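Data block below; observations after.
The values are calculated or read from the model by the stated rules, or taken from the named source; none is laboratory data. Values in this document were obtained by computation on a predicted structure and should not be read as measured data. As a convention, Cβ positions derive from the backbone with ideal geometry for all residues, glycine included, and neighbour counts pool all protein chains shown.
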Number of protein chains: 2
Amino acid sequence: MVLSGPSGVGKGTVCEELMKDRDDIRYSISATTRKKRPNEKDGENYYFLSLDDFNQRIEDGDFLEFAKVHGNYYGTPKKYVKEQIKNGEIVILEIDVQGALQVKENFDNAVYIFLLPPDLMELRRRIVGRSTEDEKQINLRMENAKKELSFIDKYDYAVVNDEISHTVDKIDAIIQAEKLRVRNVKGVQHHD
Amino acid sequence: MVLSGPSGVGKGTVCEELMKDRDDIRYSISATTRKKRPNEKDGENYYFLSLDDFNQRIEDGDFLEFAKVHGNYYGTPKKYVKEQIKNGEIVILEIDVQGALQVKENFDNAVYIFLLPPDLMELRRRIVGRSTEDEKQINLRMENAKKELSFIDKYDYAVVNDEISHTVDKIDAIIQAEKLRVRNVKGVQHHD
C-alpha cells in the first residue's frame, strides 16, 4: 500500500494511527539524506544517511524507489518490503509521487492512496505549525504540494484528511475492500 | 453495483439488510417469467410477467440485460436504473452472471460483487431449506451454481456469505472504498 500526499498533509500521523488499529500492517522505514528533526529517531522515523552512504545504496541496488524531494533524497529499502510481502503482510510505503510511480512499474498489485488536505490554506497552516521550517522552505513545500496534486489521477483512492479518526476509518474500509478483491481472495479463482 | 451469486446463496437477504443500513442504495426490481413464490409480491420482489409480455419488452429494448436461468427469463428494466444513477444514487442489481456480463459491456464504472456460499453443501442445505423446490429443480440449481462459480474472475470482489452481519459489513466497506476511488471523488482530478 502506497500512501502519498503533500508534505504536511499528515501522512505520518495517519500511518501511526493505522498501525495502532491493525496488526496486519508493516511500516516501511525510508532512508533519507534530510536532517533529523528534534522529535525524530534514527531507525524509527527514517534511516538518516549521509549523501555518500545514500549514493552507495543506490549503486548497490538496495532501493525499491528513490527520489529527490525539496532538495533531499528519500528511498525505500527493498529487502524489508519484499520479506514482509512474502509473509503475507501489508506493507505501507509513505512516499512521494515520484517514488510511487517507480513502485507502480514493479508492483501491479499495490494499492495507491493519495491523502489530500481539506484545502491548501489548511496545509500551509499545518506546515507552519510544525515550526521547524523557515519561510523559504514553506514556500518550496507549498509549490511542491500543488505539483504533487496534479498526479492524483495515477492513484486508486483519494482520501481527504479532515479528521484523523475519519481518515483512518476510510483507509480501513479501503484495506477491507481490497482484501475482498477476487484476485486477493485465495481459492476462489477457477479460471485464468 | 452488481451482486451475483448462485441461487440460494442469500443475495435477497443481503440486499434487504444493506437497504436497511444505508439510504444511498436503490434496489432495481427485476422482471421475470418465473412463478411467484408464496412469500413474494409483484412489484416488490419482482415484476412477474407472462412470457409474451417479457418478449414484448425485449423487443421494445426495455431491458438493460436479460437472461434465461433455470428455464425462466429474468431482466432488468433500463429506465429505473438510468434515472437513479442520474440522481447520483447507487443502484444494486441482483442478477446472474449472464446478465452481469451484459451490464459490463455498457457500464464500465459499475462494481461487480460475487456472493459465495461458505461451501456448496451449505448452499444445498439453503436451497432445500427453502422447501419450495423439488429434487430435480434442486439439482438443476446446484449444477448452475457450479457453472456460475467459474465466472468469478469477471467480478471485482468475492464475498463469502457466512454470516449476514459480516457480509453486510464487507459490502459496506466495498461501497465506502469505491466512493473514495479517484474517479469517483469529485473535484480532485486535475488531469485526464
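Is it the case that the stretch B:48-66 has a residue that's in contact with a Phe, Trp or Tyr (Cβ under 7 Å, 6 or more places away or on another chain), closer than 29 Å to B:Arg124 by Cβ and not acidic (Asp, Glu)? Within the stretch B:48-66 (the criterion being in contact with a Phe, Trp or Tyr (Cβ under 7 Å, 6 or more places away or on another chain), closer than 29 Å to B:Arg124 by Cβ and not acidic (Asp, Glu)), the answer is yes, since at least one residue qualifies. Counting residues in the stretch B:56-79 that are surrounded by fewer than 16 Cβ atoms within 10 Å (Cβ to Cβ), of a type in the set (Lys, Arg), free of Cβ contacts under 8 Å to residues at least 60 places away in the same chain and more than 23 Å from B:Arg141 (Cβ to Cβ) gives one or more. Evaluated against (1) modelled with pLDDT under 90; (2) farther than 16 Å from A:Ser4 by Cα; (3) under 15 Å from the mean Cα position of the chain (by Cα), A:Lys78 falls short on exactly one condition, (1).
Rundown of residues vs (1) more than 14 Å from chain B (Cβ to nearest Cβ); (2) exposed (fewer than 15 other Cβ atoms within 10 Å of the Cβ); (3) without any contact (Cβ under 8 Å) to a residue 60 or more places away in the chain, yes/no style:
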residue	(1), (2), (3)
A:Glu105	yes, yes, yes
A:Tyr112	no, no, no
A:Leu116	no, no, no
A:Val128	yes, yes, yes
A:Asp134	yes, yes, yes
A:Ile138	yes, no, yes
A:Leu149	no, no, no
A:Val159	no, no, yes
A:Ala173	no, no, yes
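Away from chain A (no Cβ under 14 Å), at pLDDT 90 or above and touching a Lys or Arg at 6+ places or on another chain (Cβ under 6 Å), is that true of B:Val91? When the stated conditions are applied, B:Val91 passes them.
Results for (1) acidic (Asp, Glu); (2) under 12 Å from the mean Cα position of the chain (by Cα); (3) under 14 Å from A:Tyr73 (Cα atoms), shown as yes or no for each residue.
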position: A:Leu3; (1), (2), (3): no, yes, no
position: A:Arg22; (1), (2), (3): no, no, no
position: A:Tyr27; (1), (2), (3): no, yes, no
position: A:Lys35; (1), (2), (3): no, no, yes
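The set of residues in the stretch A:1-53 that are in a loop (DSSP other than H, G, I, E, B), over 26 Å from A:Gly129 (Cβ atoms) and acidic (Asp, Glu) comprises A:Asp23, A:Asp24. The combined condition, being farther than 26 Å from B:Ala158 by Cα and either touching a residue at least 40 places away in the same chain (Cβ under 8 Å) or among the hydroxyl-bearing types (Ser, Thr, Tyr) (or both), is fulfilled by B:Pro38.
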